[in-house]
Structures are given as C-alpha cells and as structure tokens.
Amino acid sequence: MAPKFSPEEKQLSVAFVCLGNICRSPMAEAIFKHRVQELGYAPYFKKIDSFGTSGWHIGESPDSRSAKTCKKHGVPVSHHAQQIGSKDFDKFDYVIGMDESNLSDLLYIKPRASKTVVELFGKWRTNMEFDKIVGDPYYGGIDGFEYNFNQISHFTDEFLKQEVGALD
Ligand code: 4NP
C-alpha cells in the first residue's frame, strides 16, 4: 500500500495532550518522534509537540518515572510542560487526548470553526488487548508507566499506518 499523500502535498502537525504534560503526553511525543525517525516518516511531519490541559506544571521537565521508562526503551525525551489554549488549534491537524477528560476539555476549548481533528489516541488502536484510554499514572507505580509506554507505542504505529499509509 502506497502512502496516502506525498510530503510535497502536505505535512502533518500533531499535538498530544494529557492533564499535566509531565507523564503521558511528553511520553507520547517522545515515542511518536522516535518511531517517525526510525520508520522513515519524518518527511511527512512538520510539527510534533505536547501540552497539558492544566497549567499546573508549566516549564517542568517530564516526571522522572516517564523519562526513566522512555530511556529504558531507548527513546530520548526532551520537553518543558506547556498548557494548550484555543489559539493552538490552528497550528495542528491533530490534537490527541489521552483520556476522556482530556478529550472533553479539548472539545470545550476548540474554536468552533477549527477543522483540527480532536480524538482520543486510542481511536487508532487495532489490538483490543490494550485499553483505549491512556490512564493517569501519576499516583501509581512504575508499572503504569510501562503499560502506557506499550500502549502508546501501539497507537503510534497504527496512527502512522492509518493516517499516512505504509511506506515501502
Ligand atoms: P499527566 O499526569 O497528565 O500524564 O502528565 C499527571 C501529572 C500531574 C498531575 C496529574 C496527572 N497532578 O495532579 O499534578
């Protein structure tokens, strides 16, 4: 199957969003960037970033458990937490929430005229053994971060296949 579009036609911009922008969404940004590089999808993307719906952790680096889990899997992480606002929607083709609460907050602040796709990351899952929701790992142990990592890796590969198409 050929790619659905060429990088000359368009390049996609994707934002990942959770509550604090220190655990799940910086992990999603890191995994997605890593797989894009590794699988040769880099020319198809303009911007890959992450945000929180809250401003609680603005400026902070990712939670040490999130960074440790990514490093363990050879995925580099580098981010400073930022809060999403209505004006950010015109910069992204996809704004992707981790859980239902992120999704409803995003739909609430999305400008009415915006064509940005706002969805749960789990929308792209094909392996139903993974939960659709990327659950909040903040108050749990390191196991939650490991689960999130595997789940997000699956969603990432499926997003690339379904939205860009297989590369050969
Ligand atoms: P995240 O996790 O939304 O995946 O970044 C959280 C980080 C911080 C808090 C909650 C969830 N908090 O309550 O401060």
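The values are calculated or read from the model by the stated rules, or taken from the named source; none is laboratory data. Source: prediction; values computed, not measured. Here the Cβ is made from the backbone with ideal geometry for all residues, glycine too, and neighbour counts use every protein chain on show.
Observations on the structure shown:
- Condition check for Asp88: within 11 Å of Val17 (Cβ to Cβ), at pLDDT 95 or above and among the acidic types (Asp, Glu): yes
- So Arg24, is it among the basic types (Lys, Arg) and buried (at least 22 other Cβ atoms within 10 Å of the Cβ): yes
- Cross-chain or 6+ apart pairs with Cβ under 7 Å, the stretch 19-37 first and within 15 Å of Asp99 (Cβ to Cβ) and at pLDDT below 95, then assigned to a helix (DSSP H, G or I) and within 6 Å of the ligand (Cβ to nearest atom): none
- Close pairs (7 angstrom Cβ cut-off, 6 or more residues apart or separate chains): farther than 22 Å from Ser104 by Cβ in the stretch 124-140, outside any loop (DSSP other than H, G, I, E, B) anywhere: Thr126/Glu158; Asn127/His154
- Tally of residues being of a type in the set (A, V, I, L, M, F, W, C), assigned to a loop (DSSP other than H, G, I, E, B) and surrounded by fewer than 17 Cβ atoms within 10 Å (Cβ to Cβ) across the stretch 108-147: 2
- Taking the criterion of being of a type in the set (Lys, Arg) and under 24 Å from Leu39 (Cα atoms), the residues of the stretch 51-90 that qualify are Lys68, Lys71, Lys72.
- Looking across the stretch 10-68 at every residue that is part of a loop (DSSP other than H, G, I, E, B) and among the aromatic types (Phe, Trp, Tyr), the one that is farthest from the ligand (Cβ to nearest atom) is identified as Tyr41.
- Meets criteria (surrounded by fewer than 21 Cβ atoms within 10 Å (Cβ to Cβ), outside any loop (DSSP other than H, G, I, E, B) and touching a helix residue (DSSP H, G or I) at 6+ places or on another chain (Cβ under 7 Å)) for Glu158: yes
- Of all residues in the stretch 69-107, those being under 14 Å from Pro26 (Cα atoms) and assigned to a strand (DSSP E or B) number 4.
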